[in-house]
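The values are calculated or read from the model by the stated rules, or taken from the named source; none is laboratory data. Quick caveat, the model's predicted, so the values are computed rather than measured. We place every Cβ from the backbone using ideal geometry, glycine too, and count neighbours over all the protein chains shown. For accessibility, only protein heavy atoms count, side chains too; no ligands or nucleic acids. Shrake-Rupley method; radii C 1.70, N 1.55, O 1.52, S 1.80 Å.
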Amino acid sequence: NPASDEGEYLADALAADPHVQAWPEALDRPDAVRAMEPPAPTPPVTARPRRLSVTRIEDWRRDPYAIYARYILGLKKLNALDGEPSAADRGSIIHKALEDFVRTYPLASLPNNAHETLIEIGRKVFAPYMGQPGVHAFWWPRFERIAAWFIATERSRRGDLAKIHSETEGRLVLSAPAGDFTLTAKADRIEQRHDGGLAVIDYKTGSVPTKADILAGFAPQLSLEAAIAQAGGFDRIPAGDVEELSYWRLTGGDPPGEIKPVSADVSSLVWEAVDGLARLVAEFDDPETPYLAVPDRKSVV
């Protein structure tokens, strides 16, 4: 075969040439290496966001460059084509089912068939995803266990409650060097007690922030939601003292759910969170402050 013979001849010729053999190695040995500094963009203050949600404040504290990429450059990660539902999708589905149930029964009393009702709501919310084997085999059985725990917990708590508010929007305006800054929130659950006191609760289908991160201001979501609640910033919820901050960890495992209270003085947490946010906003109202990528931000509490 002449073509085969020519190919073997060319391969032998290339193998015998020392210069050819050195080419692959040379590709990994550039003439010069210049270290690149981490990104530190300093956009004009007029381009910097004047409105962020409580869930983005943690991003801002931990990785300002993420805020720069999302809100100044307008970049957003795209979902994978024909990808499997993610853990975030699972959280959204479970949140939606609980939201729909609480919106249906926001007052203290629950119907006798509350568990069956929640399961039926869950079926409707899960329906678009049931074609995925993982959802049908793993997510749905876990939701069934979450539903049983949730209803039992509701029955034990509702005697002290006047009303439960689900996925309620709120806002708080802070004065800052470059003008007003608006903090927004959509609280998973705010319980309004008969005595006017409030409990602010966040549903977590993943990990719960550590107490150290909460106290250091690196996980300020609940504390900032409490600040909005105490200022009367949530729609249709009168201002009141926040007496409880807690995460409800909903995994469907063993246990299927558990209440993880933030064991700290709520009023102190609220004051420190608002003060820390005010100082963070003021820091980035300085045009010289860069949006660093994953810096050590322990100096800003």
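Structure values in brief
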{"read-out": "Which labelled figure in (1) 1.38; (2) 1.18; (3) 1.01 is Cα Rg over 2.2 N^0.38 Å, once derived from the coordinates", "value": "(1)"}
{"read-out": "Across K96/K124; K76/K260; K96/K204, pairs whose alpha-carbon gap is larger than 22 Å", "value": "K76/K260"}
{"read-out": "For the stretch 232-301 versus the stretch 40-115, the gap between their alpha-carbon centres in whole angstrom", "value": "15"}
{"read-out": "Residue-count net charge about K204 - beta-carbon cut-off 11 Å; Lys, Arg +1, Asp, Glu -1", "value": "-1"}
{"read-out": "Amide H within-cut-off set for R51, under 5 Å, with H built and near neighbours excluded", "value": "T182"}
{"read-out": "Debye, to nearest 20: dipole size of the chain, +1 on Lys, Arg Cβ, -1 on Asp, Glu Cβ", "value": "1420"}
{"read-out": "Surface share of carbon and sulfur [accessible, 1.4 angstrom probe, percent] for the chain", "value": "53"}
{"read-out": "Loop trypsin sites (Lys or Arg not before Pro), the stretch 214-301 (other Cβ atoms within 10 Å of the site Cβ: 14 or fewer; DSSP)", "value": "R236, K298"}
{"read-out": "Net charge over other residues, Cβ less than 12 angstrom from the Cβ of V45 (K, R count +1; D, E count -1)", "value": "-2"}
{"read-out": "Accessible heavy-atom area order of K124, K186, highest first, probe of 1.4 Å", "value": "K124, K186"}
{"read-out": "For F234, net neighbour charge (Lys/Arg +1, Asp/Glu -1) across residues whose Cβ lies under 9 Å away", "value": "-1"}
{"read-out": "Antiparallel content of DSSP bridges confined to the chain, in %, to 5", "value": "70"}
{"read-out": "Residue-normalised accessible area of the chain, given per residue in Å² at a 1.4 Å probe", "value": "56"}
{"read-out": "Helix-only [θ]222 nm of the chain, DSSP H runs n ≥ 4, -39500 (n - 2.57) each, per residue, nearest 500", "value": "-12500 deg cm²/dmol"}
